[in-house]
Amino acid sequence: PLRAQVLVNPAVDVTETMYDHASITQYAYSPTRALPLLQFFQRLAVPAGADPRTLSPLYADNLNGLAPALVVVPTQDAVADHGRRYAERLHAAGTPARLTEYPGAKHAFLSMPGAEQQATAARAEILQFLHASLTANAEGTRPSQR
């Protein structure tokens with residue numbers, strides 16, 4: 001079974017409401033052309049005739065009992081609100097979830113540790129979370145969620 005999950009700027013809604021989040025409106029074309037890419041992603045993610053809600057973790061019926069989650073959200077990202085809402089849903093379902101926001105960070109910040117100042121801190125946080133989660137699971141306990 002899955003023992004930990006790390007979600008970095010997750011796109012967890014591929015329904016018709018995918019674009020109704022404030023972060024998508026705010027960052028649709030700045031700093032990148034996020035909206036056309038998300039529209040393309042949605043077309044690829046939802047096969048013809050499929051129910052997009054069944055493919056959207058944000059709308060899952062039951063999020064209880066999932067592995068502890070770390071949700072990393074760069075604040076200048078079109079899907080920032082997706083991550084925030086998903087972390088809230090996980091927490092409300094009783095799944096240990098920690099949301100960390102990186103103010104001023106952009107979508108691909110994690111892959112640019114030399115260019116994006118917060119990438120190093122985010123990478124360290126992810127490693128610490130995974131280490132704590134895997135150690136806690138090996139001992140039969142749950143990791144703490146700061």
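At R0 = 22 Å, how high is the FRET efficiency between LEU127 and ARG3 if r is their beta carbon distance? Nearest 0.05 is fine. Spell out each step's value before the answer.
Details: r = 15 Å, r/R0 = 0.68.
Efficiency computed from Cβ-Cβ geometry: 0.90.
Which whole-number value in Å² is the accessible area per residue of region 5-136, probe 1.4 Å? Each step should come with its number before you reach the end.
On the way: 6670 Å² over 132 residues.
For region 5-136, the solvent-accessible area averages 51 Å² per residue.
Can you show me the helix-derived [θ] at 222 nm for the chain, built from DSSP H runs with n ≥ 4 at -39,500 (n - 2.57) apiece and divided by the number of residues, rounded to the nearest 500. Numbers along the way, then the final one.
Values: 4 runs with 51 residues, N = 146.
Calculated at 222 nm, the ellipticity per residue is -11000 deg cm²/dmol.
Across 10 Å bins from 0, what is the distribution of all Cα-Cα pair distances for region 53-120, in whole percents?
With 10 Å bins starting at 0, P(r) equals 21, 44, 28, 7, 0.
First obtain the Kirkwood hydrodynamic radius of region 5-136 from its Cα pairs, then insert it into the Stokes-Einstein equation at 4 °C and 1.567 mPa s, and state the resulting D in µm² per second as a whole number.
Details: Rh = 15.4 Å.
After rounding, the answer is 84 µm²/s.
The values are calculated or read from the model by the stated rules, or taken from the named source; none is laboratory data. Because the structure is predicted, anything quoted here is derived from the model rather than measured. Cβ atoms come from the backbone with ideal geometry, glycine included; neighbour counts cover every protein chain shown. Ligands, DNA and RNA are stripped out before the accessible areas are found, and what is left, the full protein with its side chains, is counted by its heavy atoms. Shrake-Rupley method; radii C 1.70, N 1.55, O 1.52, S 1.80 Å.
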